[in-house]
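Everything below concerns the one structure shown next.
Read the figures in this text as sums done on the coordinates, not as results from a lab. Just so it is clear, the model here is predicted, and its values are computed rather than measured. Here Cβ is always computed from backbone atoms with ideal geometry, including for glycine, and neighbour counts include all displayed protein chains.
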Amino acid sequence: MGSKRISHKIDESLERRIHWWQILALAILVCGILITVLSVYQQDSSFREDLLIKTSIVKASISTNDISTLIDYKEDVTHGHEELVSVLQEIQNINDEIRFVYILDMRKDDSIFFMADGEPPESPDHAYPGQIYHDAPDTARLAFETGMMLVDGPYTDSWGTWITGYAPIIDPATGQAVAVIGMDVDASNYYSMLMKGSIPIFGASIFLSVLIFFLGSTQERILRKKLFLEASEKKFHDVFEANPTSMVISSIEDGSILEVNTSYLRTLKYSREEVIGKNVADLEIYSSPEIRVELTKKLKNKEQIQSEEVTLKCKDGTILYGLLSATIIDVEDTPCILTMIIDITEKKVAENAKSLNYKRIHALLQLGQMTTATLQEMTDYALEKAIEITQSKTGYLAFVNEDENVLIMYSWSRSAMDQCNIVEKPTEYPLESTGLWGEAVRQQRPIIINNYYSANPLKKGLPEGHVKLFRHMNAPIFSGDQIVMLAGVGNKDEEYNKTDVQHLELLMQGLWSLIERKQTNEALKQSEGRFKTLVGNIPGAIFRCKMDRDWTMLFVSDKMKDISGYDPSELINSNKRTYNSLIHKDDQEMVYREVLKNIHNKESYQLKYRLIRKDGNSRWIHENASGVFDQNDNLLYIDGVIVDVTEQKQAELELMESEKMLNNFFSQSLIGFFFMMLDEPIEWNDSVDKEKVLDYAIHNQRITKANQAMLDQYRATEDEFIGRTLYNLFKNDLESCRNICRQLFDNGHWYTKTSECRMDDTIMCVEGDYICLYDDEGKILGYFGVQQDITEKKQLEEINKNQLIVSEIHHRVKNNLQVIISLLNMQARLFKNQDSIKNAFIDSQNRIRSMSLAHEKLYSTNNVASIEISDYVSSLVNHISQIYYSYDKSIKINLDLDNVYLGMDATIPLGLIINEIVTNSYKHAFVNRAEGHISISFKELDDFYELIVEDNGTGIPENFDYDQSKSLGFKIINLLVEQLHANINIDTSKKGTRYNIKFTSLN
């Protein structure tokens, strides 16, 4: 029992001791937390103070006069605004921490707006001049009111979450803030950043708390055996391993490494096997072996080592900067050194970059002030600064020609000139002849050579006497896509890196911008001179005015004096003599109303009104102007031209009279006039799909104006006709429509004859002459046409054409019949001694002759459909008389013929009948007689025609049977009478023979 009580007391004492150790550990942890909070507060204050310093530097680089000029609009502010924006952009570019730099101004209504922004105009985050800053924090307004430099944030606006430094620009005359410079730092991860900076302290406090707890636990471990000891060791190892701070435990005697955590290995890029058991000095982790010796000495002397800055070297040779804290701990009763390292490389690099950025900005500011310096002075200065910023020993600068194939050396550093022993230094180097230093131009990128002695196939050797190089870096400088300069530096003690490239490029890019600006300013001066000359030669006065009742002039050219008699100085910003007071009183209200309407609609306008000159005379004025708006559609001012058009006004009156006459001619003309316009202008060239364009034109080209003659052609009213498309007019022949449009668009005008569809869907033939109408860009707007209905003319031409064809046919038939007659005549000659056969050939010739004569009459006249019978019969009988003419007989012919037209169907049979009867009379009626008489009569009676042929010859015997006659002549007559559907009567009761034939019209 006694031993149990003692054990229990020991346990109670042990518990009390453990509780005290725990309380102590907790107290240290709480202190660590408080120190961490204090550190966060100090970092926040330091950050804000640093931001104020940066903002004040920016403020110092901004001219109050430039700001006042922008506010007062005392002169052309474009150049001044561009200068401010350029400065802001450069400041924004040199420091990656700064996201936005801008200048704010405050209106009378206390609204804050952007005066200038360092963000490029093409950026979606760009704020244009005059844009209202709706999310402006109250601190910005407070900066205007108090004139104090302030820091605000983190706060959130439409651009993001920021901490912003505000620096008011004070007007020395009034002591008031005329503008405020704002500098935004991204604060989206601000608190994480602050905590990151306090992690070493917090980690150390955790470590000490754990260490104390571990020491307390050690007491319990000693008393509670090895198992508890192992558990405590594991807990320590877990905390040690998980700590984000790089930690290493090494022997205080020989420096061998006993333990490291993962953060240490990751930071220095070693594996555990490569460091455990190795000596710190052998690994060459510290930049100097003496650092380890000095640390050990301090610890042995019980000196505190807290956040000392050291330089470390990683396994791959990379240099790191760290804050080192160290203390002596016992590990298994052996004193060891616990070293904790916080990586501050990024911060150190940022500080160096900040210093270099400041130097570069200072150099650019100095360059910007070298307004009277020569180009050589500017390039020499920039080169020396580039050497200083990159910590180099030598350098050069060359310009590149437009073809990028020749380098023109322009500047050498002073040190290079001192060391160079080349007697004749060339200034131009063909790119193809250059070695390594030309690769930056060939590859269009920066080139770094940190070991110039190493073998390289691109090397071509240095000239004798050239500066010796062991390191070299150069970079091409661009203007757009064109390389314009090549800047190079060399012989830096340390290796060149991307930061050096960045500083060299930014400085030289800034130099080129200044060179371009210098060239631009010189060109601007020349341009301003040309502008003044141009404005002086314009026939009118150029003006810029406010949108107020007085039309307050902000600018007006010298031509105003010629127009109004007033000098421009009498009108610009004048309350005594306003432009509105020059406008005729009867026109003032009209002018204001029309301008207000067009400005409201954001449209340009043209006005004509009367202006009273200084000498009291009235002149007619033509004003062409438009409003100028900002990106918020706020009207800034009105720009325009005023021209004296008094003489033109008289010409307009005459033109109106002329137009009236033209309109009368248009409307009263008997020929159709019309305009056909496209819904939208079209392009017609080889770059467009012409078939698609034609489709569009056919369906979207409409009648917009037409005279009465045009309406009559289409049998339409004006309401029906206006708006009709080519498709409506050519729906019966769209292919013809496409061809006409193609010819018209190809040639610009076209004359054609075509068929179109009237409103009643009947087809008409039109003859038209058309000409394209174009806009200023050469696009086709539509066309103007003159056309007439030639349907009747076309029909008449078709009839004439058919008549010509038929006439030609008759002519050919007649010729063919003549050939047959000739053949029969030749055959008849073969039978000279056989009269019956010869006479048969002659009779056949006469019959064919009668038909040939009919065809001859048809083709020799204009009427190819019918023959005038009296002429035909006269010619036929005359021909028969000539054939049977005899000197010993006198046969008289009497003709009584009506002027009657018969078709070929009646004329040919009728002619053959007359031929047979008259021939028969000549051959048989007057045998053994010296004279005779033949009468022929043809009459058109009420509903029939009557042919009577009679002679006073011997006559036909009374017993002659006409119907049963075997005579060829009578057979032919019978056949022809049947063909005519005629009635024939042969009368031989009197002396001679009388034939009476009656028939109706075959038509």
Worksheet item: LYS660: which aspartates and glutamates have alpha carbons under 17 Å from its alpha carbon, excluding same-chain residues fewer than 8 sequence positions away?
Response: GLU652
Fill in: Point-to-point label distance, ASN450-GLU603, nm (Cα→Cβ direction, 7 Å offset)
6.9 nm
Item to complete: Take a quick pass over region 865-1003 and tell me how many lysine pairs come in under 27 angstrom between Cα atoms, counting only ones 8 or more apart or on separate chains.
Response: 26
Worksheet item: Computed FRET efficiency, Cβ-Cβ of LYS731 and MET661, R0 56 Å: what is it to the nearest 0.05?
Response: 0.90
Worksheet item: For the cross-link pairs LYS576/LYS608; LYS313/LYS359; LYS313/LYS348; LYS278/LYS315, which exceed 22 Å when the distance is taken from alpha carbon to alpha carbon?
Response: LYS576/LYS608; LYS313/LYS359
Practice prompt. Putting +1 on Lys and Arg Cβ atoms and -1 on Asp and Glu Cβ atoms, find which of HIS749, MET764, VAL693 reaches farthest to the positive end of the dipole of region 669-789.
Written response: MET764
Worksheet item: Quick one: length gained pulling ASP171 to ASP135 fully straight, 0.36 nm per residue minus the C-alpha distance?
Response: 10.4 nm
Worksheet item: So between ILE722 and ASN974, what do we pick up on full extension, going 0.36 nm a residue minus the alpha carbon distance?
Response: 83.9 nm
Item to complete: Kindly provide log₁₀ I(q)/I(0) values, in the same order as q = 0.19, 0.21, 0.25, 0.27 Å⁻¹, from the Debye equation applied to equal alpha-carbon scatterers of region 880-957.
Response: -0.85, -0.98, -1.23, -1.36
Worksheet entry | Peptide ranges 769-781, 145-157 listed from the most packed, as the mean C-beta count within 10 angstrom indicates | 145-157, 769-781
Worksheet item: Taking Cα pairs under 8 Å and at least six residues apart, what relative contact order does region 537-643 come out at, in percent?
Response: 27 percent
Worksheet, complete the sentence: As a Kirkwood estimate from alpha-carbon pairs, region 61-188 has a hydrodynamic radius in angstrom of 14.7 Å
Discussion item. What's the ranking of 715-721, 582-588 by average number of surrounding C-beta atoms within 10 Å, highest first?
Written reply: 582-588, 715-721
Discussion item. On the Cα set of region 865-1003, report Rg and Dmax in Å, please.
Written reply: 14.7, 44
Worksheet item: Around ARG445, with a cut-off of 15 angstrom between Cβ atoms, what is the net charge of the other residues, counting Lys and Arg +1 and Asp and Glu -1?
Response: -3
Worksheet item: Can you give me the pair-distance distribution of region 245-343, C-alpha pairs, 5 Å bins, whole percents?
Response: 2, 13, 26, 30, 20, 6, 2, 0
Worksheet item: Quick one, what does Rg over Rh come out to for region 706-748 if you take C-alpha atoms and the Kirkwood Rh?
Response: 1.05
Discussion item. Give me SER669, SER433 sorted ascending by neighbouring Cβ count inside 10 Å, so fewest comes first.
Written reply: SER433, SER669
Response to the item:
Percent of all alpha-carbon pairs of region 537-643 at distances over 23 Å, whole number, is 20 percent
Worksheet item: How much net charge surrounds ASP760 when only other residues with a Cβ under 11 Å from its Cβ are counted (Lys, Arg +1; Asp, Glu -1)?
Response: 0
